Amino acid sequence: MAEAYRIFHSTLFPPLSLQPSNPSHGYPSSVLSLKQAPRKVQCSVSTSETKWNATQQVPWGCDADSLENAEDLQKWLSGSGLPPQKMSIDKVEVGERGLVALKNIRKGEKLLFVPPSLFITADSEWSSPEAGQVLKQYSVPDWPLLATYIISEASAQKSSRWCNYISALPRQPYSLLYWTREELDRYLEASQIRQRAIERVTDVIGTYNDLRLRIFSKYPDLFPEEVFNMETFRWSFGILFSRLVRLPSMDGKVALVPWADMLNHSCEVETFLDYDKSSQGVVFTTDRAYQPGEQVFISYGKKSNGELLLSYGFVPKEGTNPSDSVELPLSLKKSDKCYKEKLGALKKHGLSASQCYPIQITGWPLELMAYAYLAVSPPSMSKQFDEMAAAASNKSTIKKDLRYSDIEEKALQFILDSCESSISKYSKFLQASGSMDLDVTSPKQLNRSVFLKQLAVDLCTSEQRILFRAQYILRRRLRDMRSGELRALRIFDGLRNVFK
Ligand SMILES: C[S@@+](CC[C@H](N)C(=O)[O-])C[C@H]1O[C@@H](n2cnc3c(N)ncnc32)[C@H](O)[C@@H]1O
């Protein structure tokens, strides 16, 4: 199943935040992984079971819901080249802190103009140049390099030029990286996002271990363990997942863009951050007007609720996300007489016996139907296994809208069965959540558990809603098909009687 994620989603590094994603089945397909070859640092996936401690925090940053360092940040930005703004940081209803209009803002207006001198990128200067040189020497890819960079700058405190920026970053970014394994198992059991979160945690741990083994342990003076440890890496990756921007007009360069990263996401706007060559700064163009006091939003890309929870730690209000989708797991039956042949065909096209496909409220991808055809096809169709498997893979460019009318009903029934089995998992969780024992010992823990449970309930409700819609469509199609078949059978019988 993990394989499916690699195909339909980005794994370790998500479709980078705050930018439009390149939809494939309505899903982002861009992958920026640490495993870019050839690299000296291969950030392998650790198999060790790590227990994140939900209470540990880094000694810098601020509370996510406080404005404590916001004023200093604004002053520093203005003094460092940020032009006067029509927005300021304030407390907001959606996203705790955000940018709020100070003046009337028109639809179609360009805002921000953050100059490149304020971007944090893989080329930024290090307060400790020796540490930067070592990482460059090892050709560390952008993500782990940036993760190490922001820890290094945070630990440099006032001697870092980013001190005001780092002090205004959340001490604990909202992201599934901050859920313990027990919390993921307990609250997200029904959703495939649980598996994505486990993979992401494992990847971050693997990345840190790799850096530690290959580099940090060789230069303990430059990378002391008190500073460069699992906890600080969880923080820095949490920051990257929730704030890093890919700038299409700068050849896809990734950057932290102070100020721009104070904007919250709305599913109702379609405006994205990018570098504007004419004004030489990061901008976005409003797609609606704002009045003074209103919060201004951008889009973080066409992401499902699960992806938003995974990287940003929130779930949009029910029914507001047109890009929402749910992962439907499908598997070949072990009892299938052609199991081996079918698996061979799937493997040939980079797939495995279990695959997940995204379903949206508007439908499902052609690849899913191709997989279903393969799963239900009889031995007599073995010659078609290869084309079915190819069409089930989103890598291949072959024609995907295959149609095998003889087995269409079976294929639809197969998808319906998988849908119903997923729906029952969600129903079980949602029913149990009402009376779930939160198992806590302190008020702080209680708050956290109530908060996480609510996020999980919101996610599962939205995912189940999509599955209910798919179930309705599938049942109707099957009913029409069967009644059509019945009618045809009756006509055939009638004709036979006439000829008799
Ligand atoms: C790029 S930052 C935006 C600024 C952030 N609110 C702050 O105070 O630093 C992304 C984070 O903002 C919050 N956020 C953004 N959009 C949100 C939304 N629509 N609902 C709830 N939280 C949101 C999430 O915590 C997310 O991880």
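The values are calculated or read from the model by the stated rules, or taken from the named source; none is laboratory data. Model, not experiment: these values are computed from the prediction. When we count neighbours, we look across all protein chains shown, and the Cβ atoms used for this are built from the backbone with ideal geometry, even at glycine. Just so you know, the surface numbers come from the protein's heavy atoms only, side chains and all, with ligands and any DNA or RNA stripped out. Shrake-Rupley method; radii C 1.70, N 1.55, O 1.52, S 1.80 Å.
Points to keep in mind about this one:
- Per the listing Tyr339, Tyr371, the residue uniquely of a type in the set (Ser, Thr, Tyr) and touching a residue at least 24 places away in the same chain (Cβ under 8 Å) is Tyr371.
- Residue within the range 454-474 that is more than 22 Å from Gln360 (Cα to Cα) and free of Cβ contacts under 8 Å to residues at least 60 places away in the same chain present: yes
- Cβ separations smaller than 8 Å between residues 6+ apart or across chains give the following pairs from the range 254-273 residues that are more than 10 Å from the ligand (Cβ to nearest atom) and modelled with pLDDT of 95 or more to residues that are open to solvent by 10 Å² or more (accessible area, probe 1.4 Å) and in a helix (DSSP H, G or I): Val254/Asp142.
- Residue list for the range 307-348, restricted to those being open to solvent by less than 50 Å² (accessible area, probe 1.4 Å) and hydrophobic (A, V, I, L, M, F, W, C): Leu308, Leu309, Leu310, Val315, Val326, Leu328, Leu330, Leu332, Cys338, Leu343, Ala345, Leu346
- All positions within the range 413-452 that are within 19 Å of Ser325 (Cα to Cα) and out of contact with any Asp or Glu (no Cβ under 9 Å at 6 or more places or on another chain): Ile415, Leu416, Asp417, Ser418, Cys419, Glu420, Ser421, Ile423, Ser424, Ser427, Leu430
- In the set Arg476, Arg448, Arg465, only one residue is under 30 Å from Ser405 (Cβ atoms) and either open to solvent by less than 20 Å² (accessible area, probe 1.4 Å) or part of a helix (DSSP H, G or I) (or both); that residue is Arg476.
- Within the range 138-178, considering residues that are more than 16 Å from the ligand (Cβ to nearest atom) and of a type in the set (Ser, Thr, Tyr), the one farthest from Arg194 (Cα to Cα): Ser159
- Strands (runs of 3 or more DSSP E) wholly inside the range 182-289 containing at least 3 residues that are in contact with a helix residue (DSSP H, G or I) (Cβ under 9 Å, 6 or more places away or on another chain) and surrounded by 21 or more Cβ atoms within 10 Å (Cβ to Cβ): 281-285
- Among the conditions (1) among the aliphatic types (A, V, I, L, M); (2) over 26 Å from Lys425 (Cα atoms); (3) within 16 Å of the ligand (Cβ to nearest atom), the only one that Leu310 does not satisfy is (2).
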